[in-house]
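Let me begin by presenting the structure, written as structure tokens, before commenting on it.
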Amino acid sequence: MSPITHRHALALALTAGGFISSCIMAGGGPVTTTNVDAVMPKTSDDALASVSDFAVITDQAKRSQALFIEAGKVLQHPRCINCHPNDDRPRQRDLETHVPAVLRGDDDHGIVGLRCDSCHQMQNVQGTKVPGAPKWGLAPLSMAWQGKSLGEICEQLKDKKRNGGKTLEQIVDHTAHDVLVAWGWTPGADREPAPGTQQAFGALFAAWVETGAHCPPHDPTTAVFPADAIMKTSKTTTTTTTTTATKATGAQR
Ligand code: HEC
Ligand code: HEC
């Protein structure tokens, strides 16, 4: 899983795409990614750029999209996406299958006899490594993020029919204050926390709304899949590679 690499490609498409295509049309030479690096703040995987780093992007809609892409480092981090699956099972660690096997049930908090809170307490438990926070349960299916592009996640977050009837202001408040979101930065045991801080993440969301809440375009390569789905994907990749290799050999003859 490498959402960060994809994110760079998306950022490239957003901030320099027009420039590149005009160069190609004008018969210009190859364009390096330096153009983008000049505008997209550079951060490591475990950090978040601050809102002021985006001031260099003068086009407000593009700045808004770039802010969302940066916030997406958190949204698509295992600490968040493990609880926002597009099926009936939570994931754990790096999007691996939840052990023991549990189901979301009718209210997203488990089935009779195997409720989430029969194991997950109000806080992390040291000895057993079971993570915990109040109201532990899966995000409803309409808020699923696994397997969706950043653009799709963005559109869905803005849609009151799918986001639990929240206004944009309520979404900003949720990102900055919700207890399950907060858990992402205090996950306990040896789990890697979400990038940056919850405060910095909330600030990126607030700035995204202030700049018009523009979504990045739908780019399927930005989707993050759980480990048990990746196996299917890599099989397809292998087949594609083989086909390409066969074609290449054919061309050489
Ligand atoms: C333990 C499971 C769990 C974890 C971990 C979790 N969420 Fe959620 N999330 C939920 C549930 C349940 C809801 C729906 C509850 C509600 O709307 O108040 C939700 C709703 C949301 C929403 C509301 C809008 C929408 O359409 O999705 C946002 C935003 C959100 N989560 C962000 C995050 C972020 C960011 C993280 C990681 C830092 C995270 N969540 C981690 C369970 C979780
Ligand atoms: C029978 C006990 C049990 C039940 C019931 C249970 N879990 Fe878990 N869950 C665990 C244990 C143990 C872990 C820690 C696994 C590990 O990290 O090694 C865990 C980990 C998780 C994680 C991973 C956190 C992370 O990012 O690594 C999520 C998310 C999760 N559970 C969600 C749920 C949800 C939602 C439910 C209810 C639908 C639920 N669990 C029901 C035992 C349970």
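Using the Cβ of A189 as centre and a radius below 14 Å, the other residues enclosed give a net charge of +1, where K and R count +1 and D and E count -1. Cβ crowding within 10 Å, taken as a proxy for footprinting-reagent exposure, orders S142, S50 from fewest neighbours to most as S142, S50. Based on alpha carbons, the Rg and Dmax found for the stretch 141-224 are 13.4, 39 Å. Sorting W136, W208 by the number of Cβ atoms found within 10 Å of their own Cβ, with the fewest placed first, yields W136, W208.
Taking label positions 7 Å along the Cα-Cβ direction at both T167 and L114, the computed distance is 4.1 nm, reported to one decimal.
What the Cα convex hull of the stretch 47-185 gives, in volume per residue, is 122 Å³.
If the segment from L141 to D106 were pulled out straight at 0.36 nm per residue, it would be longer than the present Cα-Cα gap by 11.5 nm. The Rg/Rh ratio for the stretch 53-100 is 1.23, where Rg is the radius of gyration of the alpha carbons and Rh is the Kirkwood radius.
Quick note: the coordinates plus some simple rules give every number you see, no bench work behind them. Keep in mind that what you see is a predicted model, and the values were worked out from it rather than measured. Heads up, the Cβs are rebuilt from the backbone with ideal geometry, glycines too, and the neighbour counts pull from every protein chain shown.
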